[in-house]
1. In segment 139-209, which chymotrypsin sites (Phe, Trp or Tyr not before Pro) are in a loop and have at most 15 other Cβ atoms within 10 Å, using DSSP for the loop call?
2. What ranking do 244-253, 151-160 get when scored by the average of other Cβ atoms within 10 Å per residue, highest first?
3. How big is the charge dipole of the chain about its Cα centre, in debye rounded to the nearest 20, if each Lys and Arg gets +1 on its Cβ and each Asp and Glu gets -1 on its Cβ?
4. Dividing the alpha-carbon radius of gyration of segment 18-112 by 2.2 N^0.38 Å (N being the number of residues), what value is obtained?
5. Please report the spacing between the Cα centers of segment 123-153 and segment 180-204 in Å, no decimals.
6. Once the piece of chain linking residue 193 and residue 264 is laid out straight, how much longer is it, given 0.36 nm per residue of separation minus the C-alpha distance between them?
7. Report the relative contact order of the chain, percent, no decimals, based on alpha-carbon pairs under 8 angstrom and at least 6 residues apart.
8. Sorted by average packing, counted as other Cβ atoms within 10 angstrom per residue and highest first, what order do 19-27, 202-210, 87-95, 41-49 take?
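Values in this text are rule-based calculations from the coordinates and carry no lab data. The structure presented is a predicted model; accordingly, all values stated were derived computationally and were not measured. Note that each Cβ is placed from the backbone with ideal geometry, even for glycine, and that neighbours are counted across all protein chains shown.
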Amino acid sequence: MPPKLDYPELTIARRSWRYTPDGGCLANKVILVTGAGDGIGRAAAKTFAVFGAHVVLLGKTRSKLEAVFDWIAGNTETKPVIVPCDLLGMDESSANGLRDAIDQDYGRLDGVLHNASLLGPKVPIEHYPPEHWQNAMQVNAYAPFLLTHTLLPLMQAGEGASIIMTSSTVGRQGRAYWGAYAVSKFALEGLMQVLADELENAGRVRVNSLNPGGTRTAMRREAYPSEDPQMLPLPESHMDLYLYLMSDASIGITGQAFDARTWQYSTQP
Ligand code: NAP
């Protein structure tokens, strides 16, 4: 069954999806998306809502979250909430507060897309400003750990939940000048592998990493200012893979590193 509503970027991107999700594949699931106000996170939040999920929209800039909230509330029958939050300042107390709010609002959590990230300077390690290093590690690696650690009991209480760690090509093979951004993505890959191994026999929570590859967003423009953005896929182009990993279609798939550019859907695990 097709979803009730598309929006223009999603309609266009769907023509080249490699996998056709059922229109209600996320019906009534509660999914937290970090960095939901812009870029890939915004596309994921809107797409998840179109496919039936109640989305918890976490991000730094309130006005961006409100725009996504308004679109979802105006175009779907799902119940989004916004959580304006700078992950630079996330600590145990704010993570606990978020867990309690989700528990109170929805009583469960079926998915987390760890997507928010900051690029930081692209300079040699020798010249990397330590404060910027710490900031990138906090937002890109420590906050996903803290959120996962805090929200896991809520996810384990449900029928089956999915965690996606957003990775990068430079988080799988180091590259000069990508500094803390690359190292933080290696950390996320490690977190994914350790957690997947720990949870393998529990069977209720699966965790995978996903490298979207070059995608038309603000971060990509910052990283490659001279590149023509029109040559890059829209975030919505990858949403077939995001839906696959968030929906029950991927039950049993855990501990794997996905690449949106090369992924081919297969019914074989
Ligand atoms: P983007 O357009 O820059 O969006 C990043 C999002 O993260 C924004 O919503 C931003 O919020 C949020 N964010 C940044 N710092 C935050 C903080 N301290 N606290 C809370 N939220 C914060 O980036 P994108 O390209 O969509 O990237 C999404 C993910 O894909 C990232 O993990 C990135 O590493 C990964 N990725 C992207 C590409 C690509 O080519 N685009 C390639 C490989 C991997 P504000 O807008 O409010 O600042």
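1. 177
2. Highest mean packing first, the order is 244-253, 151-160.
3. The calculated dipole for the chain is roughly 560 debye.
4. 1.04
5. Each part's Cα centre sits 14 Å from the other's.
6. On the way: separation 71, 0.36 × 71 = 25.56 nm, distance 2.16 nm.
Extra length available between residue 193 and residue 264 comes to 23.4 nm.
7. 20 percent
8. 41-49, 202-210, 19-27, 87-95
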